[in-house]
Amino acid sequence: MRTLSVLKEVDLIAAEDTRHTLKLLNHYNIKKPLISYHEHNKKSKGEVLLRKLNEGMQIALVTDAGMPGISDPGEDIIRLCIEEGIVVVALPGPTAPILALVLSGLPTDKFVFEGFLPSKKQDRIKELERLKTEERTIILYEAPHRILALLQDIFNILGDRKSSISRELTKIHEETFRGSIAEA
């Protein structure tokens with residue numbers, strides 16, 4: 001409810017994909033100007049957003065799924081705002097890494113979130129080698145078209161360990177697989 005209230009009160013909404021956000025806003029009858037802000041325009045649009053914030057506008061940042069700022073260009077605009085002395089308020093929302101951890105059945109008392117590993121195989125292997133002695137539950141992000149390559153590298157470097165793979169968390173077609181890396 002607080003998030004809906006904020007979306008109704010701000011002057012502008014920055015969205016990863018304005019088409020998806022517009023559906024949400026229309027559902028709740030919220031009529032606010034939208035500006036796109038995503039990985040491919042974060043530098044140019046970040047400057048625009050900072051200028052508007054410094055002019056006194058209140059801006060909400062939303063993402064397609066999950067929590068803005070977690071493996072998302074929201075991290076950049078938040079850092080810039082803090083550097084500029086602009087007050088940033090975060091509202092709780094779904095955050096995929098924590099949901100995936102809870103659904104995994106793996107230990108939740110200690111964990112590490114590594115986000116996306118590099119897409120280049122050589123760099124990804126180097127990161128997995130670094131994680132070889134990690135005892136905490138490891139949370140990773142990966143794109144669907146690269147998941148098999150990542151699983152093969154995990155199997156080769158970290159071994160056939162217990163795993164959980166979740167997709168579409170916080171969405172309609174949410175799924176979680178639990179089993180060994182070999183089974184995955």
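From the alpha carbon gyration tensor of segment 64-151, can you work out the equivalent ellipsoid semi-axes (sqrt of 5 times each eigenvalue) and give them in Å, largest to smallest? Please list the in-between numbers first.
Numbers: eigenvalues 137, 60, 36 Å².
Semi-axes, largest first: 26, 17, 13 Å.
Which of the GluC sites (Glu not before Pro) found in segment 39-72 are loop residues per DSSP with 15 or fewer other Cβ atoms within 10 Å of their Cβ?
GLU39, GLU55
Which entries in the list LYS110/LYS132; LYS43/LYS110; LYS32/LYS52; LYS45/LYS120; LYS132/LYS162; LYS45/LYS121 go over 23 Å, if you measure between the two C-alpha atoms of each?
Correct reply: LYS43/LYS110; LYS45/LYS120; LYS45/LYS121.
Given bins 10 angstrom wide, list per bin the percent of all Cα-Cα distances in segment 58-104, short to long.
24, 50, 22, 5
With each pseudo-label sitting 7 Å past Cα toward Cβ, what's the LEU99-LYS52 distance in nm, one decimal?
2.6
Given labels modelled 7 Å from the Cα in the Cβ direction, how far is it in nm from ASN29 to LYS43?
4.4
Enumerate the amide H contacts of ALA14 below 5 Å, restricted to partners 5 or more residues apart or on another chain; note that Pro and chain-start residues carry no placed amide H.
So ALA14 has HN proximity to ILE35, ALA60, LEU61, VAL62.
If you count only protein heavy atoms with a 1.4 Å probe, what accessible area per residue comes out for the chain, rounded to a whole Å²?
64
Measure off, as a whole percent, the carbon and sulfur share of the 1.4 Å-probe accessible area of segment 1-146, all protein chains present.
For segment 1-146, the apolar C and S fraction of the accessible surface comes to 55 percent.
Which sequence of LYS23, LYS52 reflects their accessible areas, 1.4 Å probe, from the largest down?
Ranking LYS23, LYS52 by accessible area, largest first, yields LYS23, LYS52.
Hey, any idea what the orientation-averaged projected area of the convex hull of the chain's Cα atoms comes to, in nm²?
Taking the Cα atoms of the chain, their convex hull projects to 12.0 nm² on average.
If you take every DSSP beta bridge fully contained in the chain, what fraction is antiparallel? Give it as a percent rounded to 5. Show your work: numbers first, answer last.
Values: 6 of 18 bridges.
Antiparallel bridges make up about 35 percent of those DSSP assigns within the chain.
To the nearest 0.05, what FRET efficiency results for ARG178 and SER71 with a Förster distance of 22 Å applied to their C-beta separation? Numbers along the way, then the final one.
Values: r = 22 Å, r/R0 = 1.01.
For R0 = 22 Å, the calculated efficiency reads 0.50.
The values are calculated or read from the model by the stated rules, or taken from the named source; none is laboratory data. Model, not experiment: these values are computed from the prediction. With ideal geometry, Cβ positions are generated from the backbone for all residues, glycine too; neighbour counts draw on all protein chains shown. Surface areas here come from the heavy atoms of the whole protein model, side chains and all, with no ligands, DNA or RNA. Shrake-Rupley method; radii C 1.70, N 1.55, O 1.52, S 1.80 Å.
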